[in-house]
Amino acid sequence: MSDMPKRTPLYDLHVELGGKMVDFAGWEMPVQYPMGIMGEHKHCREKAALFDVSHMGQVILRGENVAEKLEALVPSALTALPAGKARYTFFTNENGGIMDDLIVSNAGDHLFVVVNASMRHQDIPHMTANLEGVEVTEIFDRALVAVQGPKAVDVVGALCPAAVEMKFMETIVADILGTECRISRLGYTGEDGYEISIPEDKADEISRAFLGHDDCEPAGLGARDSLRLEAGLCLYGNDIDNDTSPVEASLNWAIQKRRREDGGFPGDTRILKDFADGTGRKLVGIKPLGRAPARGGVEVQSEDGTTIGSITSGGFGPTVGGPVAMGYVTTANAVPGEKVNLIVRGKAQPAEIIKLPFVQQNYKR
Amino acid sequence: MKFTEEHEWLRVEDDLVVVGITEHAATQLGDIVFVELPDTDITVSKDDEVVVIESVKAASDILAPVDGEIVEVNEALTDNPGKVNEDAQGEGWFFKLKVEDLSVLDDMMSEAEYNTFIA
């Protein structure tokens, strides 16, 4: 039975709402609901959408100097992260590649960490083995629900007034319908919104209450992918992986000054060298100029026909109203406005390098 | 109207075979955002990949259901691929084929048989 896909506490709700269930990283998840990916995507950009992200790994790290210890595995500064704040970072390997990306929250007396569903099996043992004196506890009895979009503040605020005044990347514990939840003002759609960790036995009731708001509709993994792509956010396994350095992936902003100077994380030699000398390739936004979507794996050529890279994520951007993509190209060509060709089914399709994102991020700063 | 296991429909109109995908297929594919049509006046064999359609999710190939010559394509889909979702078995047709012998359609599924096939 171990290879049966797992179900989240919201499984019955997904089925009741007409969700089209697929196996994603060993979890039975809705890829879309009857509204369809296009409609769900637009609803999230215009109003609010609820996503089940319970398949992601929620982890509690507890111990003396836990932030300092975790800094040995990630290149971001965590010791100065104040209580009630969250930060995006990634585990790096000895070659300076990215093992997974994650969100670390300072929850006061512990760190609350969220990792990708597909990498839970790697990340938990990685932390357990390498964080000496730290208790690593994977949480199995809580759902994680994202409410995203410009109206998310109204949807969540209606049940949790404390959420309204929060700012981007802040995290609190607050009551929703009589249950203590961890509420973080962040997400992965490019919109304002929240991710809410809820005890499993209350997840269905609270999610239904959010969906009871006129502006909130359920959205599946399909819309989540097109939303994050338009917002220029990397998907682990597509845009970043064990062979891409954070500097190649244009994630420099996640590596704070002290860490760039002092190193002290796996692969620091390579990553600090990348900062000093630059990299041979860069992750960029790529806008196909025609109508044909160019998906992951498509070759990118310069106008003279030289191969200069490939697409890592691509598809149709419902808000853009046309195809969107991102991928790696040689640094010399990684210039906004540069004209390139994408080889789609053997035919060269014109495209242009753009500065990410395709759709402006809309966070509550 | 006749149907194939590849979820295509075929309708004879003025001795030509009009080809599209079924409503069921269009619903399964989701919002269609791009249709790449073949050239006209080309000869195709059964199971040749003649049309590429892309939904928000993925690309799919549409195969020639029978041997024939493509004499007309539905250019309107280039600017409005969503027509396939709106009216899959009408305005959302892809191409018209000239075939030598229309009896090749005889063995294909009827609408009732297709409905049983997808049930």
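The values are calculated or read from the model by the stated rules, or taken from the named source; none is laboratory data. Everything quoted here is computed from the prediction, not taken from an experiment. Ideal geometry is used to build each Cβ from the backbone, glycine not excepted, and the neighbour counts take in all protein chains shown. SASA here: full protein model, heavy atoms, side chains in, ligands and nucleic acids out. Shrake-Rupley method; radii C 1.70, N 1.55, O 1.52, S 1.80 Å.
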Odd one out for B:Asp39 among (1) of a type in the set (Asp, Glu); (2) under 27 Å from A:Arg295 (Cα atoms); (3) open to solvent by less than 80 Å² (accessible area, probe 1.4 Å):
(3)
Pairs, first part of a loop (DSSP other than H, G, I, E, B) in segment A:5-18, second open to solvent by 60 Å² or more (accessible area, probe 1.4 Å), C-beta under 7 Å, six or more apart:
A:Pro5/A:Asp23; A:Pro9/A:Glu200; A:Gly18/A:Pro34
Filter segment A:35-60 down to residues that are part of a strand (DSSP E or B) and within 18 Å of the chain's Cα centre (by Cα) and give me whichever is surrounded by the most Cβ atoms within 10 Å (Cβ to Cβ).
A:Ala49
Name, by its number, the condition in (1) more than 15 Å from the chain's Cα centre (by Cα); (2) closer than 28 Å to A:Arg295 by Cα; (3) open to solvent by 50 Å² or more (accessible area, probe 1.4 Å) that does not hold for B:Glu23.
(1)
State whether the residues of segment A:202-223 include one that is at positive phi, open to solvent by 40 Å² or more (accessible area, probe 1.4 Å) and outside any strand (DSSP E or B).
no
Please indicate, with yes or no, whether at least one residue in segment A:20-28 is in a loop (DSSP other than H, G, I, E, B) and in contact (Cβ under 8 Å) with a residue 60 or more places away in the chain.
yes
Considering segment B:8-20 alone, what residues qualify as being open to solvent by less than 60 Å² (accessible area, probe 1.4 Å) and either free of Cβ contacts under 8 Å to residues at least 40 places away in the same chain or of a type in the set (Phe, Trp, Tyr) (or both)?
B:Trp9
Could you check how many residues of segment A:269-295 are within 23 Å of the chain's Cα centre (by Cα) and more than 14 Å from chain B (Cβ to nearest Cβ)?
8
Residue satisfying all of: in segment B:64-77; open to solvent by less than 60 Å² (accessible area, probe 1.4 Å) and either modelled with pLDDT under 95 or within 14 Å of another protein chain (Cβ to nearest Cβ) (or both); nearest to A:Gly317 (Cα to Cα) among these
B:Leu77
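On the given criteria, is A:Ala67 more than 14 Å from every other protein chain (Cβ to nearest Cβ) and not in a loop (DSSP other than H, G, I, E, B)?
Values: more than 14 Å from every other protein chain (Cβ to nearest Cβ): yes; not in a loop (DSSP other than H, G, I, E, B): yes.
Yes, satisfied.
Please tell me if A:Lys355 is in contact with an Asp or Glu (Cβ under 6 Å, 6 or more places away or on another chain) and open to solvent by 20 Å² or more (accessible area, probe 1.4 Å).
Numbers: in contact with an Asp or Glu (Cβ under 6 Å, 6 or more places away or on another chain): no; open to solvent by 20 Å² or more (accessible area, probe 1.4 Å): yes.
For A:Lys355, the condition - in contact with an Asp or Glu (Cβ under 6 Å, 6 or more places away or on another chain) and open to solvent by 20 Å² or more (accessible area, probe 1.4 Å) - is not met.
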With respect to B:Val50, is the statement that it is closer than 21 Å to B:Asp101 by Cβ, more than 14 Å from chain A (Cβ to nearest Cβ) and of a type in the set (Val, Ile, Thr) true?
no
Quick check on A:Ala80: is it open to solvent by 20 Å² or more (accessible area, probe 1.4 Å) and either part of a helix (DSSP H, G or I) or in contact with a Leu (Cβ under 6 Å, 6 or more places away or on another chain) (or both)?
no
